[in-house]
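Encoded as structure tokens, here's the structure I'll be asking about.
The values are calculated or read from the model by the stated rules, or taken from the named source; none is laboratory data. All of these numbers come straight from a predicted model, not from anything done at the bench. Note that each Cβ is placed from the backbone with ideal geometry, even for glycine, and that neighbours are counted across all protein chains shown. Please note that ligands, DNA and RNA were not included when accessible areas were found on the heavy atoms of the full protein model with its side chains. Shrake-Rupley method; radii C 1.70, N 1.55, O 1.52, S 1.80 Å.
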Amino acid sequence: MGSCIELQQKEAAHRNLDEALEIFWKQDNQKLSLCKMRCAALSSFCSRGALQGGASSSRVLTIQMKYLDKMTTVRSWKLACLLTHRYFDSLLGEVRFERPSRMEQIILHIREIMNQSISSAPSLYQHADTFGVSSGHLSRCFVAMTGRTFQQETRQIRMDKAKQMLIETNLKVTTIAKEVGMPDASRFILEFRKELGITPGCYRKIHGKNYSDASKSA
């Protein structure tokens with residue numbers, strides 16, 4: 001939910017909130033006081049998402065304090081849920097996309113690294129450790145920003161790089177596989193065929209230049 005608020009994804013934020021509220025109510029055996037405490041804890045997590053999205057710290061603090069004050073007076077779970085949804089709307093209204101959020105900057109940097117050196121690019125977990133964020137949060141933000149998972153983005157970059165090398169060079173497929181970070185040539189050929197429907201050798205014959213030793217590379 002914090003990442004949804006950070007990236008100003010209103011529908012996803014409210015949908016995830018509904019799921020969380022339902023879990024709170026069931027796990028706490030419909031005890032209003034306990035559920036309200038869970039909502040209070042959730043508010044801090046979501047406030048951090050708004051801050052990472054560029055919201056003013058003073059505004060976020062004011063909104064959170066008003067939310068917590070009102071929550072103490074709520075006498076029904078239905079009103080508590082309504083109040084929490086309004087709190088989410090207030091946070092979403094404070095997020096500013098005029099400047100890239102910290103997570104946007106991180107993901108842009110990660111994608112640059114992936115494009116520049118896909119053969120030795122760090123894993124998602126290594127990136128998360130480098131930038132001091134959780135791998136789960138990074139994974140969710142990556143999908144939200146790019147429309148692909150980290151693994152899907154990695155695969156796409158590898159395939160694009162491989163296609164370029166098949167067309168523009170006479171390197172053997174085994175060499176190309178290593179260049180795109182897949183030292184197992186058999187696996188590379190399998191993944192390439194799964195992605196494009198043909199083997200790297202066939203792709204080169206159809207799209208590549210007429211190198212004298214191209215036929216040796218399949």
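Calculate for the chain the 222 nm mean residue ellipticity that helices alone would give, adding -39,500 (n - 2.57) per DSSP H run of length 4 or more and normalising by residue count, nearest 500 deg cm²/dmol. Walk me through the numbers on the way to the answer.
On the way: 12 runs with 160 residues, N = 218.
The helix contribution divided over the chain gives -23500 deg cm²/dmol.
Something else now. Springs between alpha-carbon atoms under 10 Å, Gaussian network over the chain: tell me which of ALA162, ALA13, ALA185 tops the mean-square fluctuations.
Its mean-square fluctuation being the largest, the pick is ALA185.
Could you do me a favour and compute the accessible area per residue for the chain, 1.4 Å probe, result in Å²? Numbers along the way, then the final one.
Details: 12340 Å² over 218 residues.
With all protein chains present, the chain gives 57 Å² per residue.
Report the extension gain between ARG59 and ARG15 in nm, rounded to one decimal, defined as 0.36 nm multiplied by the number of residues separating them, less their alpha carbon distance.
Here the segment from ARG59 to ARG15 would lengthen by 13.4 nm.
I would also like to ask the following. For the chain, set up a Gaussian network in which alpha carbons nearer than 10 Å are linked by springs, and say which option among HIS137, HIS85, HIS207 fluctuates the most.
Highest fluctuation among the options: HIS207.
With all distinct Cα pairs included, what does the Kirkwood hydrodynamic radius of region 44-100 come out to in Å, to one decimal, could you say?
With all distinct Cα pairs of region 44-100 included, I get 11.7 Å.
May I pose another question? What base-10 log of the normalised intensity I(q)/I(0) is obtained for region 115-168 from the Debye formula, alpha carbons as equal point scatterers, at q = 0.20, 0.25 Å⁻¹?
So the normalised log intensities work out to -0.75, -1.00.
Report the calculated FRET efficiency for MET37 and GLU112 (r = Cβ-Cβ distance, R0 = 35 Å), to the nearest 0.05.
In this case the efficiency is close to 0.25.
Counting only protein heavy atoms, what percent of the accessible surface of the chain is carbon or sulfur at a 1.4 Å probe?
It is 50 percent, rounded to a whole number.
In nm, to one decimal, how far is the modelled label at ARG96 from the one at LEU190, with both set 7 Å along Cα→Cβ?
5.1
Restricted to Cα positions, what overall size does region 62-218 have along the principal axes? Three whole-Å values, descending.
Taking the Cα atoms of region 62-218, the three principal extents are 80, 28, 27 Å.
Further question: For the chain, take the longest principal axis of its alpha carbons; what is the angle in degrees between that and the long axis of helix 10-27, to the nearest 10 within 0 to 90?
Approximately 60 degrees, to the nearest ten.
Considering Cα pairs under 8 angstrom that are at least six residues apart, work out the relative contact order of the chain and quote it in whole percent.
17
Among the listed pairs LYS163/LYS205; LYS26/LYS78; LYS36/LYS70; LYS10/LYS31; LYS36/LYS66, which are separated by more than 19 Å between their Cα atoms?
Going by Cα-Cα distance, LYS10/LYS31 fall outside the 19 Å limit.
Looking at region 1-145 from every direction and averaging, what is the projected area of its Cα convex hull in nm²?
9.2
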